[in-house]
1. Under 5 Å between amide H atoms, partner at least 5 residues away or on a different chain: which partners does A224 have, H built in plane at 1.01 Å?
2. Can you list residues from other chains, or at least 5 along the same chain, whose modelled amide H is less than 5 Å from the amide H of L114?
3. Tell me, what does the Kirkwood hydrodynamic radius of the chain come to in angstroms if you use every pair of distinct C-alpha atoms?
4. Length gain on complete extension for the stretch A275 to E15, per 0.36 nm per residue less the alpha carbon to alpha carbon distance?
5. By how many nm would the segment from L58 to R226 grow when fully extended, if each residue of separation counts as 0.36 nm and the alpha-carbon distance is taken off?
6. Report relative contact order for the chain in percent, whole number only (criteria: Cα-Cα under 8 Å, sequence separation at least 6).
7. Ranked highest first by the average count of other Cβ atoms within 10 Å around their residues, in what order do 255-264, 182-191 fall?
8. Rounding to the nearest 20 debye, state how big the charge dipole of the chain is about its Cα centre with +1 on each Lys and Arg Cβ and -1 on each Asp and Glu Cβ.
Amino acid sequence: MPLPRLRDGFRFGGERVSFGSFQRGIHRSQLQRGPAALTVMTSFKDPYADAFDQGGALFTYAYRSGSIDQADNRALRAAYELETPLVYFRALEPGQYLVVAPMFVTADDPTARLVVLEPGLPVQDMQPGGLISGPDVRAYATREARYRLHQQRFKLDVMRAYRHRCAICTLRERELIQAAHIVPDVEADGIAAVVNGLALCAIHHLAFDRNLLGIDPDGVVHIATRLLREIDGPMLRTGLQGFHGKEIAQPRREEQRPDVERLQARFERFVIAAA
Ligand SMILES: [Zn+2]
């Protein structure tokens, strides 16, 4: 979600409630009666205040620097003691946030000056009465949040590597360009990393997913024989058949280019499906 939309906040009881300043990480609204934080977010001033433990399954969030007992840190600990839900804005890149809500502070470590954040499920946890979902529900919600985080990061990384252009037709219309997985993300090799990604326009993405279009390990486009034989208007002729045998446009930086083994694995499926 982009920053300008977040700055607007939301309306409650006829008043506008801000989601926070987006300068400080921990926010408690002036309109709140309770002491607990309403939102936490990756701070511009201290971008390392929040971390995600890749190996484990936990979001951690650091206290604000300075006294443990300063107002922001008290609001964070109040959210832990009262088990009240908060909204977590996780920075994906400057000005872009992943929103996770409801989020709960489920552990507090004053010595390490950090708290553990765990997502809950909206239907259960937005009722009054604090944290009601069990650890299994939170583990599920954490996996979901982690998945969304990785997919959002993947999308941004792929778009940047390909400069928002379709690797096949070089179309650069942001509304029509998507981040495609080379090996589908439901599979073990289908990692959400730029080497398993391609920026494709909507039509080439769908054609790739449906095996009507393949990309071989050398980056050459193949159009399924069935489509090559068809006769139709300019979309088929120019938009699909015209790219048969052409090379895709790859990112300048080598470490961002598609992984050859993944292209190979994916291309073998195309060959079988298109036969
Ligand atoms: Zn395209």
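Throughout, read-outs are computed from the coordinates displayed, never taken from laboratory work. Computed from a prediction, not measured in an experiment: that's the story for all the values here. Positions of Cβ are backbone-derived with ideal geometry, glycine not excepted, and every protein chain shown enters the neighbour counts.
1. L213, G214
2. Placed amide hydrogens put Y63, D109 under 5 Å from L114.
3. Values: mean 1/r = 0.0472 Å⁻¹.
Averaging 1/r across every pair of different Cα atoms and inverting gives 21.2 Å.
4. Working: separation 260, 0.36 × 260 = 93.60 nm, distance 6.24 nm.
Additional length available on full extension: 87.4 nm.
5. Length gained between L58 and R226: 55.6 nm.
6. Details: 481 pairs, mean separation 30.9, N = 275.
Across the chain, relative contact order equals 11 percent.
7. Numbers: 255-264: 16.3, 182-191: 13.9.
Going by the mean number of other Cβ atoms within 10 Å, highest first, we get 255-264, 182-191.
8. Values: 35 positive and 33 negative charges, 186 e Å.
Computed charge dipole of the chain: roughly 900 debye.
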